[in-house]
Amino acid sequence: MKMIYLFLSDLFKSKAIVLELAKRDFKSRYLGSHLGILWAFIHPSAYIAILWFVFQIGFKSAPVSNFPFLLWLMSGLIPWFFFSESLMNATNAVIENSYLVKKVVFRIGMLPIIKVLSSLFVHLLFIGLLFLIYFIYGYKPDIFFIQVFYYLFAVIVLVLGISFITSALIIFIKDTGHAIAILLQFCLWLTPIFWSLKILPEKYHLIIKLNPVYYIIEGYRNSLIYKIWFWQQPFLTIYFWTVTIIILAFGAFFFHKVKPHFADVL
C-alpha cells in the first residue's frame, strides 16, 4: 500500500505533464486524417447505430423494464467502450513508448495512466451526449445522474489496476495483446450489455456478478434508469472495491518489480 501511496503522490506532483501528454496522445491518434479527432466519435456512434438497427428494427427488441431499448443499450455500451478501449491502449503503453524506458527522468509507470486519460476525453463527451439523448427522449437529468461519475472513477481504478499488469506482461509475452482482445470479446457478450440479467435463471446471477465489469455497467444503468444509489447495494459495492483494490495493489507491485528488466527486453 505504501508503494501505491508513493506512486499517487508522484502522480499528483506531475499532474500537469501527465495531462499534457494525455492530450498529445489523444491528438496523435488521429493526426493526418481529414476528419481528425471526429473519428473518435464516428466509430462508436456508427457501432451503436448499427446495433440499434439490428436489435430495434430487425429483431424488434422490446423495451427493457419499460424503458426504450436504445437508451438502455447505450447506457451499457458507452461505459464498455471506455473500459475496452482504455485497457487495450494502456496495455500497449510501454511498448509504444519504448524510447522513454531508458530515460531516468521519466516515470514509465505513468504511461498506462496517460493512455487511460486519453480515452477519458472521448468518454466524457459521450456521457454528455448520453445525457442529451435522454433529455430528447423526455428523461430530464436528476440527482442520480451525478452518480455516473462515481462509476466512472470506479472503472478508471479497475482499468489502471489491470493495465499495470498487462502493460508489463506484454513486454515479456508479446501474445498478451491478442489474448486481451479475445478476453474482451468474451467479456462483452458475457456481461449484461445487450441482454438483461433477468433472462437468466437466478442460480447463474452470482456467477455473472463476480465479473467486476458487471458492477460498472449496472451502475451506469442504476444511475440513469433504475435510480438506485450505490450504497443501496452494499455487498456488491464491497465486493467490487475489494477485488479492484487487490488488482490495483498487485498490478502496482508487479509493474514495479519487473520494470528494471524492461530496458533489457526492449
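Quick one: how many residues across region 212-266 are among the basic types (K, R) and under 25 Å from F186 (Cβ atoms)?
Looking only at region 212-266, we keep the residues that are among the basic types (K, R), and these are 221, 227, 257, 259.
If we keep only those that are under 25 Å from F186 (Cβ atoms) too, we end up with 221.
Here the count works out to 1.
Would you point out which residue out of V148, V155 is under 30 Å from N66 (Cβ atoms), part of a helix (DSSP H, G or I), out of contact with any Leu (no Cβ under 9 Å at 6 or more places or on another chain) and not acidic (D, E)?
Exactly one residue qualifies, and that residue is V155.
Which of the residues that make up region 208-236 are surrounded by 15 or more Cβ atoms within 10 Å (Cβ to Cβ), among the polar types (S, T, N, Q) and either over 22 Å from H123 (Cβ atoms) or touching a Gly at 6+ places or on another chain (Cβ under 9 Å) (or both)?
Q233
Out of (1) closer than 26 Å to V64 by Cβ; (2) in contact with a helix residue (DSSP H, G or I) (Cβ under 7 Å, 6 or more places away or on another chain); (3) hydrophobic (A, V, I, L, M, F, W, C); (4) modelled with pLDDT under 95, what's the single condition that is false for F240?
Evaluating F240 over (1) closer than 26 Å to V64 by Cβ; (2) in contact with a helix residue (DSSP H, G or I) (Cβ under 7 Å, 6 or more places away or on another chain); (3) hydrophobic (A, V, I, L, M, F, W, C); (4) modelled with pLDDT under 95 leaves (4) as the failure.
When residues of region 243-255 are filtered for being of a type outside the set (F, W, Y) and either surrounded by 16 or more Cβ atoms within 10 Å (Cβ to Cβ) or touching an Asp or Glu at 6+ places or on another chain (Cβ under 9 Å) (or both), how many remain?
Residues of region 243-255 of a type outside the set (F, W, Y): 243-249, 251-252.
Keeping just the survivors that are either surrounded by 16 or more Cβ atoms within 10 Å (Cβ to Cβ) or touching an Asp or Glu at 6+ places or on another chain (Cβ under 9 Å) (or both) gives 243-244, 247-248, 251-252.
Residues meeting the conditions: 6.
Within region 158-180, how many residues are over 16 Å from F240 (Cα atoms), assigned to a helix (DSSP H, G or I) and among the aliphatic types (A, V, I, L, M)?
7
Looking at region 90-105, can you tell me whether even one residue there is in contact (Cβ under 8 Å) with a residue 24 or more places away in the chain and within 12 Å of the chain's Cα centre (by Cα)? Steps first, answer last, please.
Keep residues of region 90-105 that are in contact (Cβ under 8 Å) with a residue 24 or more places away in the chain, which gives 90-95, 98, 101-102.
Imposing the further condition that a residue be within 12 Å of the chain's Cα centre (by Cα) reduces the set to 90.
Yes, some residue in region 90-105 is in contact (Cβ under 8 Å) with a residue 24 or more places away in the chain and within 12 Å of the chain's Cα centre (by Cα).
Would you point out the residue of region 94-148, among those that are hydroxyl-bearing (S, T, Y) and surrounded by 14 or more Cβ atoms within 10 Å (Cβ to Cβ), that is modelled with the lowest pLDDT?
Only one residue fits best here, namely S98.
Tally up the residues in region 167-186 that are under 15 Å from F83 (Cα atoms) and without any contact (Cβ under 8 Å) to a residue 40 or more places away in the chain, please.
4
The values are calculated or read from the model by the stated rules, or taken from the named source; none is laboratory data. In this text the structure is predicted, and so the values were computed from the model without any measurement. Here the Cβ is made from the backbone with ideal geometry for all residues, glycine too, and neighbour counts use every protein chain on show.
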